[in-house]
Structure formats: structure tokens, C-alpha cells
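The values are calculated or read from the model by the stated rules, or taken from the named source; none is laboratory data. This structure is a prediction, so every number in the text was calculated from the model and none was measured. For neighbour counting, all protein chains shown are included, and Cβ atoms are generated from backbone atoms with ideal geometry for every residue, glycine included. What goes into the accessible areas is simple: the full protein's heavy atoms, side chains included, and nothing from ligands, DNA or RNA. Shrake-Rupley method; radii C 1.70, N 1.55, O 1.52, S 1.80 Å.
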Amino acid sequence: MEAATFGCSHFPTPNARSSSSTSQSRLVSPLELTRTSLKFKPPPTFSARASAPGGGDSVVTLLDYGAGNVRSVRNAIRFLGFDIKDVQTPEDIVNAKRLIFPGVGAFAAAMDVLNRNGLAEALCSYIESDRPFLGICLGLQLLFESSEEKGPVKGLGLIPGVVGRFDSSHGCRVPHIGWNALQIKDDSEILDDIGNRHLYFVHSYRAIPSDDNKEWISSTCNYGEKFIASVRRGNVHAVQFHPEKSGGKFRYYFLQPLLIYVGLSILRRFLYPKSSSKKPVQGKASKLAKRVIACLDVRTNDKGDLVVTKGDQYDVREHTKENEVRNLGKPVDLAGQYYLDGADEVSFLNITGFRAFPLDDLPMLQILRYTSENVFVPLTVGGGIRDFTDGNGRYYSSLEVASEYFRSGADKISIGSDAVYAAEEFLKTGVKSGKSSLEQISRVYGNQAVVVSIDPRRVYLRNPDDVKFKAIRTRNPGPNGEEYAWYQCTVNGGREGRPIGAYELAKAVEELGAGEILLNCIDCDGQGKGFDIDLIQMISDAVSIPVIASSGAGAVEHFSEVFTKTNASAALAAGIFHRKEVPNWSAMSPALAAKDSGEQ
Ligand code: 1PR
């Protein structure tokens, strides 16, 4: 995880929140309390849930200190038939029957919360007495002696070793985002069902195997170097990847036939430790798989309903007399469908978010809440994320907006227009103000949680020196035979061109803290003729963070082309999925193929 200074004051006092087993742990925001009129019906669930053991043994104690989205972990636990009790005091840890610690945010801030609330000591004695424990992501890192993240910072000191940052000079993009394979040791137990299937990682820091910690290691993974993917000692487990985000279904038989998911099988093995065990299949060494992302452009139509729409070169209106917004279906239903089909991630872009204040758009928050109940792959949401002052003069920071999205189930937020303004300012002054939405959110939630969405339009040139922005020779000459083009960034959904190129923007937002770039291209959007290879090559070679290629997919071959000809880490598409033109997701998605490679 990345640097963060999230509000440790967010940690609720015992009286401040309900101790109900099903309540969200964090204080409910005033925004949530004051807005009630939701024009939204809960969708049906997609699959049957498991039933937990009875006799009061169906409670999982969850350590959520309020630093980010642990909604998916909650949903996954409930999906497996368990109730949740939130830790409010050190005694709750002492009395837990099984404890899950989904660490989010940054190492130093998390340790600060644990120390200030007396939780660190309780955690150490719980783990030292070999009680059932599962740490996730930062929940693994905190078990080590220290971390270099904004440090050195002392950790819980249970496992020898220092957590350090991935070295991007090995040619790997940092953060490490996506699906990767494990090398599993025989006695991993909770990994027994996953075989060769890949798991979802998102982190910039990692622990390295050594002679001192080798007795703890239950699996490793490769990303430029070998790092610790999971540890196990007795009943104590911790994993660097996200089981709750590692979807990919397979059929599992436990009491009754149950459709279960790769990542959830790990949680299930932790929650039901006595269930029958298969010997793990040794994972093949593998590199990070490329991801395929289903994108849902969402906006309110003329009747006031939030619908999925899709434009041609960003024009989402039907060319009829009524000129209505193209309505392609309901966001939650489509997201669920694409997840079941095999999408590696799902993105929601509120394409008219720039007009209104996103937190007025409660249906968008509800869409995230409902989607995250059944969709166990990463969810990104974007549109309108910026600082905002409402009609009553109340100021909301972009951080509040993002926090609300994270609480509602988003794993990443995507910033478009506001990142353009921030980059322009940075390039003009050469100073990082620290105040832009991009900087604020990545400082608090880590840069892996912040995507910058770029909406460039091709501008043709006869001579590359005619502009001060980076221009390239294009394989699609302009209408008058121009051989060069630069890519002008736009804001407000392509409505306004800005004096900055996509290349300059990408480099600037990487410096300002973006963890990923979603690279659209207005010229290609909705055309189905393939991605803009020139643009994607230029940007993916210019930055060391992952680049998501977007706009123009119209055939499975377009995905192979973008992955072979450029350094894109992922490809995003919309129309091809809405038009149901994908016969076989695994042919299109190397990540899906990799995830399924252990299928029996
Ligand atoms: O500027 O922070 O409010 O964010 C607005 C977000 O909404 C941005 O991410 C911007 O890309 C997106 N957006 C705004 N207007 C539109 C529009 O279509 N009128 N959609 C829009 C952008 C592009 C992709 C699309 C791909 C793939 N759509 O999301 O899904 O091009 O499409 P295809 O596979 O069908 O070719 P802010």
C-alpha cells in the first residue's frame, strides 16, 4: 500500500457505533443520514450463499480501523454465511473466535491506530497464542518487524523482515496490480483449493523471503523478484493478495453443490478449517496476467433514471427525433453479468458527474453498494471527483467524495477533468501543491487506489514541431494526409480541449501520485475498429505505472493486438460487451485464461 495519513480519529469510540453483528463499523456520515429518497430498487442476488455452522459459532470478528474499503471483505464473509462483529476494544480481539484483519491504507498510519487504541498488544498476544487469524494485504505486512513505507516504521514484529518497495528499475510497473500466480508450499492449508489459478494483487510494498522468515512462508510470487505472497504458522494466516477480489468461479462441493469463487475458497478454508482438503497443485511460475476490464458509462437519462449508456466518440444520444440518451440497461445487473462472464475488473464512469456534485448522486453510491455484494473483482468508480462547495456554502473536499465511494464498495476511484487542471498547474509552477484531489486521495488511500482517466483527441499536424506538446508519426494519416498527430487532453467529457497533451499529462499525474492511467481516445471510442496503438504505445512507454488501454475494441483480436504491440497492462472496453459480441471471454482475457488454468 502507499503512503497515507488517513484520519486515525476515524477510529470510532466504543459508544459511537453499533455492536450489531451486521453493522458497518465506521461512523455513518452525515451525508448518508440526511439523504433518504433513493430512486433505486435492490437487485436480485446472483448466487446462493453458503450456510455457516450453527450454535453461535457463525461470527467472524473483523478489525476495520476505518481507512478504506473493506466492504468487499464484509460481503465475502456474509456470502459465506457468517455474521460480523467489529472490533471496538482490545477485549474484542481477546474474545474473538476467529479474527480477520483486512489492512488498508498505509503502514505507519495503521500502526499508529493499533498502538493508540491498545490493539497492537492484543493482536500480538492473540497471534502468539495460535488463535485463528487471517491478515489481508497490509494485514500481512504489519506482522513484520518494520516497513520502509514513509519510514522506517516499526511493525508488530512477529515475523522477521523488513517490508520494502518494489524496485521499478527491474522493469516492472509499480504498483503491482493484477492477477499473478503463487508458488505454494505443501502445508498452506487455506490455499489448498486454488491450484494454478491466479489471485488479485494490488500493492507497492512487499516482504522478501529470507532464512529468518522461511518457516512462516506458505507461498511466494514473482514480480521482478520473488516476494512473500502468504504466511502461515498453525492457525495464523496472512496473505498479500486480495481473496475477496480474486473472483473466477468454479464448482465446489461442501455440504451441497455450491458455485464458489477462487478467492472466496481461501476465505472459506479459513472459516471452515476442518473441511476436506485436497493437496495443492504446484503453481507454475508465471508473470502478471493482462487484465480485461468491462466499463459501464453511467448517466441520468431524461426520465431521471441512472442508466448504462454508450457513445460514439462520446456522443451518447440516439440520432432520432427524440434525441434521447442511449439506454443499454441497469448498471448493477450489467456489472453482475460481466463479472459472471469473466471480467477481471468492472469500472463505472458517471459521465455527467462534472455537472453535479457526486454525493448528490446517491443512486451511484447505491449502485456500488449493491454491486459489491455479489461482484468479487475490483470496482472502480469515476466522474465528478473534485472539491465542491454546495448551494449552502458547505465545502466538501474531493477526499470526502472519494471516501464515500470507497465506503460504498469502490476499490479505486478515477479522476478525469480535475487531474487535467492539477497537471496543468503542476507543469506551470513546477510545484506539487499537495492540494489537488489526485494528491490528497493518493496520499490517504495510496496511489494504487487512484486512476487518472485521460480523454484525448487526435490533432493532426504536418510537422511535429508545430506544437510544444509531444507529437508522433501516426499510422492513421489525417484527412489531408497529415502524418503527425498530438493528443490534446479534454475535460468535461470531451467538451473542452485543454492546452496540454496526453503525454505531458500522463507524466505529470504519475508524479502527482496516480497509480494507474485509464487511456481513452475520443476518436476511437465506440468505433469498434481497434485501440489507438500509437497513443497507447507512446503513453505506456512514457510512464512506469500501469496503463489501461481503452476505446475502440470491436473484436477479440483487438485485445491481442494491444497486448502484443504495446506495454499496456490492461484493456478496457464497453460497446463490445453491451452488444454481446464476446463469444469467449477467456480467448480475449489473458488474465481469465491464467486464472482458469488450474480448472479441473
Ligand atoms: O472528468 O472526472 O468528471 O470524469 C468523467 C469520466 O467520464 C471520465 O473518465 C471520462 O472518460 C468519462 N466520460 C465522460 N463523457 C463520456 C462520454 O462518453 N460522453 N465516457 C465519458 C468515456 C470512454 C470509455 C469507454 C471506452 C470504451 N467513455 O469509458 O467506455 O471508450 O468504449 P468502447 O469499447 O465502446 O469503444 P470527470
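Label the stretch 175-241 by shape, choosing from rounded, prolate and oblate, from the square roots a ≥ b ≥ c of the eigenvalues of the Cα gyration tensor; if a/c is under 1.5 it is rounded, and otherwise prolate applies when a/b is larger than b/c, oblate when it is not. Let's see the in-between values first.
Values: a/c = 1.80, a/b = 1.19, b/c = 1.52.
Here the stretch 175-241 falls in the oblate category.
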Need one word for the stretch 60-114: rounded, prolate or oblate. Basis is the Cα gyration tensor (sqrt eigenvalues a ≥ b ≥ c); a/c below 1.5 gives rounded, then a/b vs b/c decides. oblate
Excluding near-sequence neighbours (fewer than 8 apart on one chain), the stretch 55-271 holds lysine pairs with C-alpha atoms under 24 Å apart numbering 11
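Hey, any idea what % of the stretch 55-271's accessible area is carbon plus sulfur with a 1.4 Å probe? Please report the intermediate quantities before stating the final value.
Values: 3050 of 6630 Å².
Summing carbon and sulfur atoms, their accessible area is 46 percent of the total for the stretch 55-271.
Using the Cα centre as the reference, give the magnitude of the dipole from point charges on the C-beta atoms of the stretch 55-271 (Lys, Arg: +1; Asp, Glu: -1; all else neutral), rounded to the nearest 20 debye.
Working: 24 positive and 24 negative charges, 157 e Å.
So the magnitude is around 760 debye.
Note down the relative contact order for the stretch 55-271 as a percent, whole number, built from C-alpha pairs under 8 angstrom at least six residues apart. Don't jump to the answer; show the numbers that get you there.
On the way: 454 pairs, mean separation 37.8, N = 217.
Over the stretch 55-271, the number comes to 17 percent.
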How many nm is it between the label spots at residue 322 and residue 150, if each spot is 7 Å from the Cα in line with the beta carbon? 5.2
May I ask you to list the residues of the stretch 491-524 whose amide nitrogen lies under 11 Å from a point 7 Å from Cα along the Cα→beta-carbon direction of residue 421? 492
Tell me the label-point distance for the pair residue 124, residue 235, using the 7 Å Cα-to-Cβ offset, in nm and rounded to one decimal. 2.1
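By how many nm would the segment from residue 555 to residue 495 lengthen if fully extended, with 0.36 nm per residue of separation less the alpha-carbon distance?
Going from the current span to full extension adds 18.8 nm.
If the stretch 55-271 were replaced by its equivalent ellipsoid, with semi-axes equal to the square roots of 5 times the Cα gyration tensor eigenvalues, what would those be, largest first, whole Å? Could the numbers behind the result be given before it?
Numbers: eigenvalues 118, 102, 47 Å².
One finds semi-axes of 24, 23, 15 Å for the stretch 55-271.
If R0 is 51 Å, what FRET efficiency do you get for residue 57 and residue 462 from their C-beta distance, rounded to 0.05?
Values: r = 74 Å, r/R0 = 1.46.
For residue 57 and residue 462, the calculated efficiency is 0.10.
Plugging the Kirkwood radius over Cα pairs into Stokes-Einstein for the stretch 104-224, at a temperature of 25 °C and a viscosity of 0.890 mPa s, what D comes out in µm²/s? Working shown, then result.
On the way: Rh = 15.4 Å.
The Stokes-Einstein estimate is 159 µm²/s.
What order do you get for 533-540, 230-237 when each peptide is scored by the mean count of other beta carbon atoms within 10 Å, highest first?
On the way: 533-540: 22.4, 230-237: 20.6.
In descending order of packing, they fall as 533-540, 230-237.
Could you work out the Kirkwood radius for the stretch 332-478, taking every pair of different alpha carbons, averaging 1/r and inverting it, reported in Å?
On the way: mean 1/r = 0.0584 Å⁻¹.
One decimal place: 17.1 Å for the Kirkwood radius.
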Classified through the alpha carbon gyration tensor (a ≥ b ≥ c as square roots of its eigenvalues; rounded if a/c is under 1.5, else prolate when a/b is larger than b/c, else oblate), the stretch 474-577 comes out rounded
Give the accessible surface of the stretch 414-484 per residue, rounded to a whole number of Å², with probe radius 1.4 Å and ligands, DNA and RNA excluded. 49
Here the stretch 137-146 yields Karplus 3J(HN,Hα) values (6.51, -1.76, 1.60; θ = phi - 60°; whole Hz; Gly and Pro given as x) of 6, 4, x, 7, 4, 5, 6, 7, 5, 6
Scan around residue 229 for amide H atoms under 5 Å from its own, H built in the peptide plane at 1.01 Å from N, and keep only partners 5 or more places away or cross-chain. 219, 220, 221
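Can you tally the net charge around residue 240? Count Lys and Arg as +1, Asp and Glu as -1, for every other residue whose Cβ sits under 13 Å from the Cβ of residue 240. Don't skip to the end; give the middle numbers.
Details: positive: 206, 226, 232, 245; negative: none.
Around residue 240, the charge tally is +4.
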